[in-house]
Amino acid sequence: MIRPHGGTLIDCTVTAAARAEVERLADEAPRLPVDRFTAMDALNIAIGAYSPLRGFMAEADYLSVIRQSALAAGSTWTVPVLLHVPAGMATKLRPDGRLTLVDSEAQPFALVQVESVFEVAKREYAKLVFGTADQSHPGVDRLTSLPSTCVGGALTLLREPELENRQYFIRPSETRKLFAEREWKSVAAFHTRNVPDRAHEYLQKLALESADGLFVHPIVGWKKAGDFSQRAQFETYEALFEHYYPRDRVLLGGFYCQVRYAGPREAVFHAIVRQNFGCSHIIIGRDHAGVGRFYGVYDAHRAFDAVSDLEIVPLRFAGPFYCRRCGGIVTDRTCPHGGDDVSEISGTLVRKHVVNREAVPEYLLRPEVFDVLERLATEEAFVR
């Protein structure tokens, strides 16, 4: 099976033998309440989804990532994974100290060994990672709201933070075991923050023509208002799989992470994560991880041209869209038509139809998918 990025699947979960001592240290350390965004990053570090990271980035790694798209040791890494702390707390922290992360219920869930306390120049971060400092970009807007001081250091996970729809949470060690049990030698990953439209289905089945299995791994952490809800994502995919996919060749799991809206850089990050989960390929479609008009349609495709140390293979698919003259879902590589003959298929268009309770063309959504969204109603189908 494909190796994890860096060669080793990291596991920072506390062992039974060390638990009593780590809990004692956590009780004695200063406590930092963190939001769900940070809690999910801590969880992904601990379970190896972010291998080779063993903790939140120290200053040297952070600067190397934003400037060279690589960790200080040289491995490709494209987005910062930072622990932001209030300035008042930062003054009390020193290298070789410790910091306990607590959830919304004020319960400790991770212990950080402090290695670095540093300041982030937010404008430089925004320009290099998002390609813009415009606050209408949701990633820039979130960054602006955070403290500038960060703490880097290895972490130990005491327990999993609270997760919605916990049945869809699968660790990389578990997916690798499942792929092996199913004898999937090649696995195509599909990343999405939307519900499945017919274009998604086209790309997934195109990948399944050559891969042994398909791992649909929707991102289900923090998202901007108006994005599809976690419940909508899972329930629509279950409906699609029940009626239109061979169940022994697909696996659905949640990527409990936060959407960064970092376009090309985030596309490479998504590939790294799916390599850690054991996938040999990842589908990279139109405007992968993009938002608004901040990135070119195929910038994410080109982002992989400069990457040489990933084993996962990007499947750089064009389109797709619906063509009336061709009578089906096509791409600009297979269809010569344009104008009134073709219709766009996008998450934005799906949202518009659902919100306005308009009739949905069959080329856009399977009726079983629309039935789920109609049942959930607007309040449960979207992030508010």
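The values are calculated or read from the model by the stated rules, or taken from the named source; none is laboratory data. Everything quoted here is computed from the prediction, not taken from an experiment. Heads up, the Cβs are rebuilt from the backbone with ideal geometry, glycines too, and the neighbour counts pull from every protein chain shown.
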| message | On the basis of being modelled with pLDDT of 95 or more, surrounded by 20 or more Cβ atoms within 10 Å (Cβ to Cβ) and not assigned by TED's automatic domain parsing to the domain that holds Leu143, does Tyr295 make the cut? | response | yes
| Answer from Phe304, Phe255 - the residue that is in contact with a strand residue (DSSP E or B) (Cβ under 6 Å, 6 or more places away or on another chain) and closer than 22 Å to Ser346 by Cα | Phe255
| query | Is it the case that some residue within the stretch 272-290 is among the hydrophobic types (A, V, I, L, M, F, W, C) and surrounded by fewer than 21 Cβ atoms within 10 Å (Cβ to Cβ)? | reply | no
| field | Members of the stretch 221-246 found to be at pLDDT below 95 and out of contact with any Ser or Thr (no Cβ under 9 Å at 6 or more places or on another chain), listed by number | value | Gly221, Trp222, Lys224, Ala225, Gly226, Asp227, Ser229, Gln230, Arg231, Ala232
| Is the stretch 223-246 home to any residue that is under 25 Å from Ile2 (Cβ atoms), crowded, with 20+ Cβ neighbours inside 10 Å, β-branched (Val, Ile, Thr) and in contact (Cβ under 8 Å) with a residue 24 or more places away in the chain? | no
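Being of a type outside the set (Lys, Arg) and closer than 22 Å to Phe241 by Cα narrows it down to one of Glu368, Glu311, so name that one.
After ruling out the rest, the residue left standing is Glu368.
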| said: Tally up the residues in the stretch 35-93 that are more than 30 Å from Glu105 (Cα to Cα), in contact with a His (Cβ under 9 Å, 6 or more places away or on another chain) and buried (at least 23 other Cβ atoms within 10 Å of the Cβ), please. | reply: 1
| Filtered residue count, the stretch 165-193, keeping only those that are surrounded by fewer than 19 Cβ atoms within 10 Å (Cβ to Cβ) and over 25 Å from Thr15 (Cα atoms) | 7
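Does Lys122 fit the bill of being at pLDDT 90 or above, more than 14 Å from Ala58 (Cα to Cα) and in the same structural domain as Val34 (by TED's automatic domain parsing)?
Yes; evaluated as a whole, the condition is true for this residue.
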| said: Just to be sure I understand the filter: pairs with C-beta atoms under 7 Å, separated by 6 or more residues or on different chains, first member in the stretch 129-146 and within 22 Å of Pro86 (Cα to Cα) and assigned by TED's automatic domain parsing to the domain that holds Ala70, second member surrounded by fewer than 18 Cβ atoms within 10 Å (Cβ to Cβ) and of a type in the set (Val, Ile, Thr). Which pairs pass? | reply: Gln135/Thr144; Val140/Thr132
| request: May I ask you to list pairs of residues, at least six apart or on different chains, whose Cβ atoms are under 7 Å apart, with the first in the stretch 43-66 being within 17 Å of Ile272 (Cα to Cα) and the second being of a type in the set (Gly, Ala, Ser) and in a helix (DSSP H, G or I)? | output: Gly48/Ser173
